[in-house]
1. Scan the range 27-49 for residues that are open to solvent by less than 60 Å² (accessible area, probe 1.4 Å), over 27 Å from residue 10 (Cα atoms) and part of a helix (DSSP H, G or I) and report the count.
2. Quick check on residue 9: is it open to solvent by less than 80 Å² (accessible area, probe 1.4 Å), at pLDDT 80 or above, assigned to a loop (DSSP other than H, G, I, E, B) and out of contact with any Pro (no Cβ under 9 Å at 6 or more places or on another chain)?
3. What number of residues in the range 59-69 are in contact with a helix residue (DSSP H, G or I) (Cβ under 9 Å, 6 or more places away or on another chain) and either open to solvent by less than 60 Å² (accessible area, probe 1.4 Å) or at pLDDT 90 or above (or both)?
4. Please name all residue pairs, on different chains or six or more residues apart, with Cβ atoms under 9 Å, provided the first residue is in the range 78-95 and is modelled with pLDDT of 70 or more and the second residue is loosely packed, with under 12 Cβ neighbours inside 10 Å and assigned to a helix (DSSP H, G or I).
5. Right, residue 24: open to solvent by 60 Å² or more (accessible area, probe 1.4 Å), at pLDDT below 85 and either more than 23 Å from residue 91 (Cα to Cα) or not polar (S, T, N, Q) (or both) or not?
Amino acid sequence: METPSDWEGRLARWQNELELFEQLDETPWVTLAKAEAETGVSRSALRSWYRNGEIQSRLVDGPNGPQRLVRLDAVIERAAASPRIQRRAEREVSLEAQVTLLRHRVDQLELRLAALEQK
């Protein structure tokens, strides 16, 4: 039976291996979960891209079995070439800009209200 310290040791060794891969290649190889979090690209799209040869991937032993890694820069580059992902990113930026403008407008209205209340 595996003890918590055995598990922590396996996890630490695996993380060290990932760091070594990064140092050897100079470009980070990351898990699909990290690539998804960093770029917003879904895991299903990432799988499709590496299966179709659009991005490189490698399979390494992980703490829970084989783990798929992809090059983060390749994912970013491929995502930039995707019109669908670009439209989604533009919508998100647009929404952020709208929220920022609305916050500014609310701040202005609060200042005006405070000035009116003082009179």
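The values are calculated or read from the model by the stated rules, or taken from the named source; none is laboratory data. Just so we're clear, the structure is a prediction, and the values are computed from it rather than from any experiment. Positions of Cβ are generated from backbone atoms using ideal geometry, with glycine treated the same way; all protein chains shown enter the neighbour counts. In case anyone asks, the SASA skips ligands and DNA or RNA and just uses the protein heavy atoms, side chains included. Shrake-Rupley method; radii C 1.70, N 1.55, O 1.52, S 1.80 Å.
1. 4
2. Numbers: open to solvent by less than 80 Å² (accessible area, probe 1.4 Å): yes; at pLDDT 80 or above: yes; assigned to a loop (DSSP other than H, G, I, E, B): no; out of contact with any Pro (no Cβ under 9 Å at 6 or more places or on another chain): yes.
When the stated conditions are applied, residue 9 does not pass them.
3. 6
4. 86/80
5. Criteria met by residue 24.
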